[in-house]
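All remarks here apply to the structure that follows.
Read-outs throughout are calculated quantities, based only on the coordinates presented, and are distinct from any laboratory measurement. Source: prediction; values computed, not measured. Positions of Cβ are generated from backbone atoms using ideal geometry, with glycine treated the same way; all protein chains shown enter the neighbour counts.
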Amino acid sequence: MNPLNSICLKIAVALVFTATSVVAQNKYEISTDLTKVKRDRVKVVVKTPEVKQDTVDWVVPKVIPGSYSVKDFGRFVDKFKAYDAKGKKLKVKKEGNNVFRIADATRLARIEYLVNDTWDASNDNFIFQPGGTNIQAKKNFVINHQGFWGYLEGYKMLPYEISIKKPKGFYGSTALVKKLETDEKDILFAQDYVRLVDNPVMYCLPDTLSFMSGNTRVYISVFSETGVVSSSQMQEFLTPLASSLTRFFGGMPVDKYHFIMYFPEFKKSPITQYGGYGALEHSFSSFYFLPEMDSRERLKSMVLSIAAHEFLHILTPLNIHSEEIANFDFRNPTMSQHLWMYEGVTEYFADLIQVRNNLMTYAGFKDEIREKITKAAEYPDVSFTEMSKNILTPEYKDMYLNVYHKGALFGLLLDIRLHELSDGKMGLKDLMLNLSEKFGPDQPFIDDDLIHHIM
């Protein structure tokens, strides 16, 4: 072969491979249109990453971090279809509630389906509202990502770009990065599926504001069904709490935090028929589903009690967590042994911070502890680590609420004992801050080793 021809051939081959690598999709590009709602459903289109195996599973979460019960979000996905680059359908078989198995997956280019919201589900299908989804045309959309989109097995850690067409004037409240934000469209970005699920979004006409607490910008977004609750009212309640937490930590471990809050009409809103009021924590935000109240003091007490707990999760599990949380398996999760710490210690600190900063009276604090003792006695006497590890099983699942009672008492007693052993020089707060320095958000501990690190 002529040397010149050989060189040209090599260049041509290199260009082909370069072009192929450019065309190959190495991320998820998802789009949905919130202006086109039909029967409380929206259409989702997913441009998929390149798949290298013949068969691949599209997985919708069975369980999510921070919520210790089976959810089966795949139940809310309808008319699932997969296509190749030429628009030809690929064979799909649903396996159980949450898995869609796609054949000829090396040809996969696009997935389409309809997603229904969970807040309107019947009692048999119901999902606790703070971890669920809401589709109210022209009013409000709550996007907990696990209820809208999934991932291809083996490709969970690829980036996500989500294009959302929204009603004009709507604002998307979230801690996610927005690569684009206009009056009619947002493009959200997440580094991977784990971080995506960790950052819910609420779309509605904006009632938002922000304030600084130490080194942290705190954002508040409120949707109140009858308009009786406002973001300015929440700022009034939350500013002293944020200041208390800043003093507790000696500076917040995050530079931003979002309170995303939905207030349904008390006892009248149809979406409160099932489920319950409460909140769900995330690393840089928390989502609240709490009733509107005419009484300012009752509203304040409720918000402070729940927000203190959720806000404190920036300590654990954000900065102190096991491998089971860091590498969460949404399909077949392995649960950590340490709910006593994630929820129990957090609950104890939530009360402790309030009483230390005059957000709760000492008498009120004693009443809280007394009530936790009473409620803890209603549950069987079992190993807390064993219960935590098996919390999804029928034997233990109904014991979960005891983590807020007996778990908090563990926190109180451990705090007392640490002060006794150190002659008052070290308490539970010091221990937790030391653990957060040792591990941090990107360094999980081995589940079986935590007690050793504490000792």
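Using only the Cα atoms of the range 323-454, build the gyration tensor, take square roots of its eigenvalues as a ≥ b ≥ c, and label the shape rounded, prolate or oblate: rounded if a/c is under 1.5, else prolate if a/b is larger than b/c, else oblate.
Verdict is oblate for the range 323-454.
Given the -39500 (n - 2.57) contribution per DSSP H run of 4+ residues, what per-residue ellipticity at 222 nm results for the chain, rounded to the nearest 500 deg cm²/dmol?
Values: 11 runs with 130 residues, N = 455.
That calculation yields -9000 deg cm²/dmol at 222 nm.
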Against the longest alpha carbon principal axis of the chain, how many degrees, from 0 to 90 and to the nearest 10, is the axis of helix 406-421 turned?
60
Hey, how many Å between the Cα centroid of the range 122-196 and the Cα centroid of the range 268-299?
19
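With an 8 Å cut-off on Cα pairs and a minimum separation of 6 or more residues, tell me the relative contact order of the chain in percent.
Values: 859 pairs, mean separation 53.8, N = 455.
RCO, the chain: 12 percent.
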Please give the helix 362-376 orientation as an angle from the longest Cα principal axis of the chain, in degrees from 0 to 90, rounded to the nearest 10.
70
Would you list which aspartates and glutamates come within 19 Å of residue 71, measuring only between C-alpha atoms, while excluding same-chain residues fewer than 8 positions from it?
57, 95, 117, 120, 124, 153, 198, 281, 324, 329, 395, 398
Give a residue-ordered list of calculated ³J(HN,Hα) values for the range 313-324 (Karplus: 6.51 cos²θ - 1.76 cosθ + 1.60, θ = phi - 60°; whole Hz; x for Gly, Pro).
5, 5, 7, 9, x, 4, 9, 9, 7, 8, 4, 4
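From Cα pairs below 8 angstrom and at least 6 apart in sequence, can you work out the relative contact order of the range 290-363, rounded to a whole percent? Mind showing how you got there, number by number?
Values: 32 pairs, mean separation 24.3, N = 74.
Contact order relative to length: 33 percent.
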Return, for the Cα atoms of the range 24-204, the radius of gyration and Dmax in Å, separated by a comma.
15.5, 44
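So if a site counts as exposed when it's one of the trypsin sites (Lys or Arg not before Pro), its DSSP state isn't H, G, I, E or B, and it has at most 11 other Cβ atoms within 10 Å, what's the longest stretch of the chain without one? It would help to have the intermediate numbers written out before the result.
Numbers: sites that count: 36, 39, 52, 86, 88, 91, 168, 267, 268, 425.
Formally, the longest exposed-site-free interval is 269-424.
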Dipole magnitude of the chain, debye to nearest 20 (Cβ charges: Lys/Arg +1, Asp/Glu -1, about Cα centre):
1960
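Could you tell me which of rounded, prolate or oblate describes the range 152-255, using a ≥ b ≥ c as the square roots of the eigenvalues of the alpha-carbon gyration tensor, with rounded for a/c under 1.5 and, failing that, prolate when a/b is larger than b/c and oblate otherwise?
In terms of gyration-tensor shape, oblate.
Would you mind checking the pairs 179/397; 62/165; 81/156 and listing those with alpha carbons more than 29 angstrom apart? If you can, show how the numbers build up before the last one.
Numbers: 179/397 40 Å; 62/165 27 Å; 81/156 20 Å.
Over 29 Å apart, Cα to Cα: 179/397.
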Decide, for the range 398-449, between rounded, prolate and oblate: order the square roots of the alpha carbon gyration tensor eigenvalues as a ≥ b ≥ c, take rounded if a/c falls under 1.5, and otherwise choose prolate if a/b is larger than b/c, else oblate.
oblate
Between helix 346-356 and the chain: long-axis angle, C-alpha atoms, 0 to 90°, nearest 10:
50
Expressed as a rounded percentage, what relative contact order does the range 193-347 have, with Cα pairs under 8 Å and six or more residues apart?
20
